[in-house]
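Report on the structure given below.
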Amino acid sequence: MKYLLLFIIPLLLAASCENRDEKNEEYFEENCPYDLKYSGHYLKVPITITPHQLTYTVGDTLRISTIFSDSIEDIGTQQTFKIEGFPFKPVTLLYRFYDGLNWDAGYRVNESSVADVYQPFYNFSSNYADGYKANTVYQNGMYEFEMKVILEEAGRYVLVFTDLFQEHLGSGSADLNAEADAITFEGQCTGLLQYYICSMITGETHLELFEDELIYLDEEVYGGGVGTIENSIGPLKTGSLAVEFNGFFGFEVVE
């Protein structure tokens, strides 16, 4: 089955709440009294790479995890909210580049695994790198997901780690997010701000060293959709697949 892995952060990042008439402006300010950085509830999901390095050796084990409390930072409103039982659904791909800009699926050529507790689904893809879809586990006020990769092939790698919520938004299937949209929390701008999931690497992403690979992914794989929000990386500009919010991480594996 064709699997369109879009990971879209819609181009609302620079949008304020303009074009509201005076009456609606009053209603908005009463029901959403925040100094908005982005016009939405942009929930931050921290992604941890262990060990966190630029260079690994064949045979090393890489662990990718997201473990965070249900007191979640909202980048949009610049607040922290207690959000219980949100159905975070990690989606991750791994691109391996070799002999220049030839690429294959990093999860296919290395040994990767996800525990059954996260209900993983492995997708073989001919359009993108192979990927995993899974669920987080929520218990005792904590969200948790983790996986590991035993690095068996040398090359230059680009990890992408995002959430199925974003794929549904980008593919025009936002109705599939009904379970997530039904989650409410104290302080929410209900009916005024939409959810977005920001999967963000903790620490250095090394992306400035992977400019050629990112340009290739932008032009040849994602059709001009890869972009940057806060820091310009080479010629990358604003794009629907924002590297900062979609868990892009670059690293190299050597013999």
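No value in this document is a laboratory result; all are computed from the given coordinates. Remember, it's a predicted structure, so these values are computed and weren't measured experimentally. Every residue, glycine among them, receives a Cβ derived from its backbone with ideal geometry; neighbour counts consider all protein chains shown.
Observations on the model:
- Angle in degrees between helix 22-31 and the longest Cα principal axis of the chain, rounded to the nearest 10: 70 degrees
- Here the Karplus curve 6.51 cos²θ - 1.76 cosθ + 1.60, taken at θ = phi - 60°, turns the phi angles of the stretch 174-191 into couplings of 4, 5, 6, 8, 4, 4, 5, 4, 6, 6, 10, 8, 5, x, 5, 7, 4, x Hz, with x standing for Gly and Pro.
- Ellipsoid equivalent to the stretch 171-238 - semi-axes via the Cα gyration tensor, in Å: 31, 16, 11
- For the stretch 125-255, the Rg and Dmax computed from alpha carbons only, in angstrom: 16.6, 53
- A P(r) calculated from all alpha carbon pairs of the chain, with 10 Å bins opening at zero, reads 7, 31, 36, 19, 6, 1, 0 percent.
- Couplings 3J(HN,Hα) for the stretch 157-162, derived from phi with the Karplus relation 6.51 cos²θ - 1.76 cosθ + 1.60 (θ = phi - 60°), are 10, 10, 8, 10, 9, 9 Hz, where x marks Gly and Pro.
- Members of K44/K133; K82/K148; K133/K237; K44/K148; K37/K237 lying beyond 26 Å, as alpha-carbon distances in this model show: K82/K148; K133/K237
- CD proxy at 222 nm, helix term only [per DSSP H run n ≥ 4: -39500 (n - 2.57); per residue of the chain; nearest 500]: -3000 deg cm²/dmol
- 3J(HN,Hα) from dihedral phi, the stretch 218-226, Karplus parametrisation 6.51/-1.76/1.60, rounded to Hz, x for glycine, proline: 4, 7, 9, 10, 9, x, x, x, 6
- Footprinting exposure proxy for H52, H41 (fewest neighbouring C-beta atoms within 10 Å first): H52, H41
- Computed from Cα atoms alone, the Kirkwood hydrodynamic radius reported for the stretch 137-201 is 15.1 Å.
- Long-range amide H partners of Y196 with built H, under 5 Å: H41, Y42, L43
- Inverse mean reciprocal Cα-Cα distance (Kirkwood Rh) of the stretch 105-154, Å: 12.1 Å
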